[in-house]
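Novice: Below you will find the structure I want to go over with you.
The values are calculated or read from the model by the stated rules, or taken from the named source; none is laboratory data. This one's a predicted model, so the numbers in the text were calculated from it and none came from an experiment. Heads up, the Cβs are rebuilt from the backbone with ideal geometry, glycines too, and the neighbour counts pull from every protein chain shown. The protein model used for the area step is the full one, side chains on, heavy atoms only, and it has no ligands, DNA or RNA in it. Shrake-Rupley method; radii C 1.70, N 1.55, O 1.52, S 1.80 Å.
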Amino acid sequence: MSEERIESILVQVSKLSSMRPNCDVGLIGLAVMGQNLVLNMVDHGFRVAVFNRTYARTKSFMERCAVEPCGSNVSAFETLDSFIESLKRPRKVVMLVQAGAATEAIIQAVLPLLDEGDVLIDGGNALWSDTVCREKELAGKGIHFIGSGVSGGELGARFGPSLMPGGSKEAWALLEPIWVAIAAKVDSDTGQPIEGAQPGEPVTDGEACTTYVGADGAGHYVKMVHNGIEYVDMQLICEAFQLMKELLQMSPDEMSVTFRGWNEGELNSFLIEITADILQQRDYGDEDHFLVDRILDAAGQKGTGKWSSQSALDLGSPASAMAEAVFARCLSAQKDERVTASKLFDNPKLPPVTGEQKELLIAAVRDALYCSKICAYAQGFALMGEAAKEYGWNLNFANLAKIFRGGCIIRARFLQKITEAYQKQDDLSNLILDPYFTGQLKERQSGWRKVVSLAAEAGVSCPAFMAALAYFDGYRSATLPANLLQAQRDYFGAHTYERTDAPRGQSFHTDWPNPMRPQQKI
Ligand code: NBP
């Protein structure tokens, strides 16, 4: 379609639409996520108005719409005023722009154009505490504000993401029909994602991967922790890859077959599936080399893993595997220093592992991955539990696990087990205490320990496997050396300690340099 023709359609659509509000929902921000979410909404029968700061992007999106089924149900606007005027009341405006300054700029520009009862939805990765402030500020002006996590990347946005909305229940009631329609769907009996959506032919049956999460910033908080868990999930898979490469000298092809096999069992997940695909990919135009071997080992990050770990520190909720996953990315980025240091130290030499031993070690790596994953999720869900207490959110963990089963990056068969654990006991304090997970950890821990000790002996870095194991051992220990720690604190800082033979809460102090003096009860 020629540029002039698109221009004239845009002008006509704009004029027609400005006469009478006829759009069900508006979307601001036509980058990867915005474009795909619009087409998803259109597939589900919604008429969508779109606006983007840079009009050239709007025009190129309309070119895409021209070849998409139902693309004519999109109305594009060059000005915010006409965009807002095109929306049926109460208006629903979804923002999918960069978090931070861009989101704030859009809110300030849109706010004067909205009326009481309208709903503004931030689908970006905003910091949850910003969302708390925005919800409060906008509620004071009679405008509903929803901070909604949107997970699933480009394909998720197009064919069904996992959606985590937070805000008032009144606002959710207005957004719910759209969010339920466009969310990913899972089979209600098995919890397995229902795949196979095509442009113009959305999946409509099954359980929608969205639920009301909680008040103000709860949706964005849960999305942040989802991303923190995603960081660990990815890091654990990378550590399994590194161990098989270093300890077993397996080729990417061989590992691809192994991951594909794991994907048939309890480790079945989107991330394992794409890892199997990635590992078999040859470099374009050079079939003798694997692409993964030519990708620089320096990882990037956008901040949600860091925010989750910061929140874990703020709340005193141990999320060590998550923090290690963030630090592993930081360390990977120090490529030049690592290369320098690598020349100073030799790797310890271990005898090669072959034959039956190799098969046993691959199975042990699988068990280490599964056990570490259980601990990572235990840490993530415990963190959300602490946040719920601290910020007054009534989080339903069975429902959260349910909406992670499809659409999002961490979707996995394993989430059905988490759903069942919280359905059995909604106040479960830690997943490790659920009988299924206790059983799995008992059965598989020996392989996990073997892999971690072998990695230490061979000098292969696997920080998330190790952090998860240290957490597990700490969590299942009735006695930890914190008695000595409290004594040290009391020695140099008179910080006091509790005694094992006195009621909890009663504090004591010893004059350590003069141990013959009696202890003081504080
Ligand atoms: P980006 O995060 O790359 O944001 C690009 C959009 O932000 C464009 O529409 C751009 O407009 C707009 N924008 C910027 Br940048 N500064 C602006 C400003 N000052 N005023 C108005 N608009 C501004 O897009 P994305 O990758 O589609 O992600 C959108 C949101 O969804 C983000 O918050 C992201 O964190 C989140 N998210 C992304 C993914 C993913 O896989 N990409 C997954 C889940 C969530 P322009 O065209 O005029 O520059």
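Novice: What is the antiparallel percent of DSSP beta bridges lying wholly in the stretch 81-186, to the nearest 5?
Specialist: Close to 40 percent.
Novice: Placing +1 on the Cβ of each Lys and Arg and -1 on the Cβ of each Asp and Glu in the chain, which of 360, 215, 235 has its Cα farthest towards the positive end of the resulting dipole?
Specialist: Final value for the positive-end residue is 215.
Novice: Considering only C-alpha atoms, what is the centroid distance from the stretch 276-347 to the stretch 488-522, in Å?
Specialist: Using only Cα atoms to place each centre, the spacing works out to 45 Å.
Novice: Roughly how many Å is it from the Cα centre of the stretch 18-48 to that of the stretch 78-108, as a whole number?
Specialist: 12
Novice: Put +1 on the Cβ of each Lys and Arg and -1 on the Cβ of each Asp and Glu in the stretch 57-216; which of 131, 100, 146 then has its Cα farthest toward the positive end of the dipole?
Specialist: With unit charges placed on the Cβ atoms, the residue in question is 100.
Novice: If you don't mind, there's one more thing I want to ask. Return the lysines within reach of residue 358: Cα separation strictly under 23 angstrom, same-chain partners fewer than 8 residues apart disregarded; answer none if there are no such residues.
Specialist: 245, 349, 373, 442, 450
Novice: Note down the magnitude of the dipole of the stretch 112-265 about its Cα centre, charges +1 on Lys and Arg C-beta and -1 on Asp and Glu C-beta and zero elsewhere, to the nearest 20 debye.
Specialist: 260
Novice: Could you list the residues of the stretch 430-449 with an amide nitrogen less than 13 Å from a label point located 7 Å from the Cα of residue 476 in the Cα-to-C-beta direction?
Specialist: Correct set: 432-449.
Novice: Sticking with this structure for a sec: Taking the Cα-to-Cβ direction at residue 109 and at residue 499 and moving 7 Å from each Cα, how far apart do the two end points lie in nm?
Specialist: 6.8
Novice: Sorted by average packing, counted as other Cβ atoms within 10 angstrom per residue and highest first, what order do 501-508, 164-171 take?
Specialist: Highest to lowest by the protection proxy: 164-171, 501-508.
Novice: Rounded if a/c is under 1.5, else prolate if a/b beats b/c, else oblate: with a ≥ b ≥ c from the C-alpha gyration tensor eigenvalues square-rooted, which is the stretch 322-372?
Specialist: The shape class here is oblate.
Novice: Once phi is turned into ³J(HN,Hα) by the Karplus curve 6.51 cos²θ - 1.76 cosθ + 1.60 with θ = phi - 60°, what whole-Hz value does each residue of the stretch 501-518 show in order, with x for glycine and proline?
Specialist: Each residue of the stretch 501-518 in turn: 9, 10, x, 4, x, 7, 10, 10, 9, 10, 7, 4, x, 10, x, 7, 6, x Hz.
Novice: While we're here: Hey, can you rank 332-338, 357-363, 69-75, 469-475 by average C-beta count inside 10 Å, highest first?
Specialist: 69-75, 469-475, 357-363, 332-338
Novice: Return one whole number: the accessible area per residue of the stretch 106-198 in Å², for a 1.4 Å probe.
Specialist: 38
Novice: Next question, about the same structure. Dividing the convex hull volume of the alpha carbon atoms of the stretch 390-485 by its residue count, what do you get in Å³ per residue?
Specialist: 175
Novice: Using +1 at the Cβ of each Lys and Arg and -1 at the Cβ of each Asp and Glu in the chain, identify which of 419, 381, 270 lies farthest towards the dipole's positive end.
Specialist: Of the options given, the answer is 381.
Novice: Kindly report the accessible area of the stretch 335-411 per residue (heavy atoms of protein chains, probe 1.4 Å, no ligands, DNA or RNA), in Å².
Specialist: For the stretch 335-411, the solvent-accessible area averages 48 Å² per residue.
Novice: If the stretch 185-243 were replaced by its equivalent ellipsoid, with semi-axes equal to the square roots of 5 times the Cα gyration tensor eigenvalues, what would those be, largest first, whole Å?
Specialist: For the stretch 185-243, the semi-axes come out at 27, 21, 11 Å.
Novice: What is the angle, in °, between the Cα long axis of helix 482-493 and the longest principal axis of the Cα atoms in the chain? Nearest 10 is fine, range 0 to 90.
Specialist: With both axes taken from Cα atoms, the answer is about 90 degrees.
Novice: Check residue 95: other-chain or 5+ apart residues with amide H under 5 Å from its amide H, H built from backbone geometry?
Specialist: Counting only residues 5 or more places away or on other chains, the set is 28, 121, 122, 123.
Novice: OK, next. For residue 50, which sequence-distant residues (separation of 5 or more, or a different chain) have an amide H within less than 5 Å of its own amide H, given hydrogens modelled in the peptide plane?
Specialist: It is 27, 75, 76, 77, by chain and number.
Novice: Right, next: Calculate the radius of gyration of the Cα atoms of the stretch 146-209 to one decimal place, then report Dmax, the largest Cα-Cα distance, as a whole number, both in Å.
Specialist: 12.0, 34
Novice: Which residues' amide hydrogens lie under 5 Å from the amide hydrogen of residue 214, considering only partners 5 or more residues apart or on another chain, with H built in the peptide plane?
Specialist: 167, 219
Novice: Any chance you could give the angle, 0 to 90 degrees and rounded to 10, that helix 32-43 forms with the longest Cα principal axis of the chain?
Specialist: Tilt relative to the chain: about 60 degrees.
Novice: Express as a percent, rounded to the nearest 5, the fraction of DSSP beta bridges in the chain (both residues included) that run antiparallel.
Specialist: Taking every DSSP beta bridge with both residues in the chain, the antiparallel ones total about 40 percent.
Novice: OK, next. Step through the residues of the stretch 191-202 one at a time and calculate ³J(HN,Hα) from phi using the Karplus curve (6.51 cos²θ - 1.76 cosθ + 1.60, θ = phi - 60°), rounding each to whole Hz and writing x for Gly and Pro.
Specialist: Rounded to whole hertz, the list is x, 7, x, 8, 8, x, 5, 10, x, x, 10, x.
Novice: How long are the semi-axes of the equivalent ellipsoid of the chain, defined as square roots of 5 times the Cα gyration tensor eigenvalues? Whole Å, largest first.
Specialist: The answer is 45, 32, 21 Å, longest axis first.
Novice: Can you give the accessible area per residue of the stretch 242-329, in Å², using a 1.4 Å probe?
Specialist: For the stretch 242-329, the solvent-accessible area averages 53 Å² per residue.
Novice: Mind giving me the nanometre distance, one decimal, between the label points for residue 347 and residue 456, set 7 Å out from Cα along Cα→Cβ?
Specialist: 2.0
Novice: What FRET efficiency comes out for residue 519 versus residue 492 if R0 is 22 angstrom and r is the Cβ-Cβ distance? Round to the nearest 0.05.
Specialist: 0.85
Novice: Right, next: Within the accessible area of the chain, what % is carbon and sulfur when the probe is 1.4 Å and the other protein chains stay in place?
Specialist: Carbon and sulfur atoms account for 53 percent of the accessible area of the chain.
Novice: Ordered by packing density, taken as the mean number of other Cβ atoms within 10 Å over each peptide's residues, highest first, how do 491-500, 128-137, 432-441 rank?
Specialist: Packing proxy ranking, top to bottom: 128-137, 432-441, 491-500.
Novice: Work out from phi, with θ = phi - 60° and the Karplus expression 6.51 cos²θ - 1.76 cosθ + 1.60, the ³J(HN,Hα) of each residue of the stretch 161-173, listed in order in whole Hz, and give x for Gly and Pro.
Specialist: For the stretch 161-173, the Karplus-derived couplings read x, 9, 10, 10, x, x, x, 7, 5, 4, 5, 4, 4 Hz, x marking Gly and Pro.
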